[in-house]
Each structure stands twice: as C-alpha cells, then as structure tokens.
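Take a look at the structure set out below.
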C-alpha cells in the first residue's frame, strides 16, 4: 500500500510534468507564430499604422497598407496570425478603447498599436473583434504560400502592381472574350499575408480593389479636419 506521502510526491511529480509540457507547447506555438511572420518587421508595422493616421504622419490614404498581427479569440487567447488592413485595426482599437476621432484619439490609437508586444491584439468587445476578422482560411493561406514559394522576393515585388500577373491572378482574373470577371477578397488578403511575412509591404487600392507595392507617399493625400475618422466595419 502506498503511503500518503508517496501519493503526494506522485501528484507533485505529475503536476511538474504537466507544467513542463504546457511550457513546451506554449513555446512551440510562439515559435510557430514567429516563423510565420519571420520577414515582417516592427518598422513595416509602424509605417502601415502611421500611413493612415493624420496625427502621426500629417496625411491619410484611401488605399491602406496591410498589417500582420496575432489576433486573440473571445477568451483572450492568441488564436492566429492574420493580415488585416491597417485602418481596420485602428478602427478596432478606437472601438475597444472608446477613443474619439480627433487628433488626440488618433494619436492614442497609434500609441496603443505600437505598444502591443509582438503585435498581439486581444479585443473584448465583439464589434472590435469583428472589425479585424480574418477573411481567408488557413488552407487558403497554405495554398497561396505553395503557389508563391518558387518565386524570389524580387519577382514578387515586380509583379504585385502588374495587371494579370502571376500574383494578381491568384485573386483576380478577367476573361475578356467571355465577358467574365472573378475576384476574391479572401485570396487577395491571403496573398498580402504571404508577401508581408516575406518582408514585402503591400496595401489595397481604393479602386479595384487590387494590391499595390508600398512606395512612400505614393498613395498619401492631404487630410482636412472634416474628413477626420477611422474605418470601422468590414
């Protein structure tokens, strides 16, 4: 018969083992997230968030850049790395923190965004979470990674802006002879995700929409006080 002390030691050993396994699992999850976005930098993130923020950059754009962030589920647990438009992330921050849409509110939203360690965002409010919902599935992302894996970064940069390129054909196809047109926002944002994780900063044009390669100030417009605001709802 085991003594009580043996039982306590056994339970204690089991608990330590479970803690170790949990720590290993958390490490692997963190490593996987880091690996997924290995080429994406804080500099890219800051530029995208500043591009559409008048209080920070003095300009705004109708063609927002994309950001790559880790989004949490309703329980506050990191769920997946996702690509969303920077203005929608800013909108979610405004909703979550009940910020005004004036200069002070926009500056605060930017400060909150860049202060998030490892770009992990957990929103308690449903409206805020809905504002940054990821449109593409994990299988769609894996397929786009496979399609672009054999292309160099230089090739990808050269093809992002070109109509009917191997990049744009993944999410947008025109069939002139048959008068048909096909476009998928989900596939477009999956392409943007892959480009971002390879260190290529892209955005979405206000027309089309199609992806464009970031060129400093190429999409920027002077903003007047009357048009001050942040994008909400998708």
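A few remarks follow.
- Residues that are over 24 Å from residue 92 (Cβ atoms) number at least 1 in the following helices (runs of 4 or more DSSP H) confined to the range 125-195: 138-148, 153-159.
- Matching residues in the range 146-159 - criterion: being within 21 Å of the chain's Cα centre (by Cα) and surrounded by 14 or more Cβ atoms within 10 Å (Cβ to Cβ): 147, 148, 156, 157
A quick yes/no check of all residues on (1) within 12 Å of residue 83 (Cβ to Cβ); (2) free of Cβ contacts under 8 Å to residues at least 12 places away in the same chain:
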| residue | (1), (2) |
| --- | --- |
| 149 | no, yes |
| 157 | no, no |
| 161 | no, no |
| 176 | no, yes |
| 180 | no, yes |
| 183 | no, no |
| 189 | yes, no |
| 203 | yes, no |
| 210 | no, no |
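- Matching residues, the range 160-169, being surrounded by 14 or more Cβ atoms within 10 Å (Cβ to Cβ) and either more than 26 Å from residue 49 (Cβ to Cβ) or under 13 Å from the mean Cα position of the chain (by Cα) (or both): 165, 169
- Of the listed requirements (1) surrounded by fewer than 18 Cβ atoms within 10 Å (Cβ to Cβ); (2) more than 17 Å from residue 207 (Cβ to Cβ), residue 185 misses just one: (2).
- Qualifying residue in the range 127-145 (condition: more than 27 Å from residue 205 (Cβ to Cβ), free of Cβ contacts under 8 Å to residues at least 60 places away in the same chain and not assigned by TED's automatic domain parsing to the domain that holds residue 184): no
- Scanning the range 89-119 for residues that are within 18 Å of the chain's Cα centre (by Cα), surrounded by fewer than 14 Cβ atoms within 10 Å (Cβ to Cβ) and without any contact (Cβ under 8 Å) to a residue 60 or more places away in the chain gives 111, 115, 117.
The values are calculated or read from the model by the stated rules, or taken from the named source; none is laboratory data. A quick note: this is a predicted structure, and the numbers were derived from the prediction, not measured. FYI the Cβ positions are ideal-geometry reconstructions off the backbone, even for glycines, and counts take in every protein chain you see.
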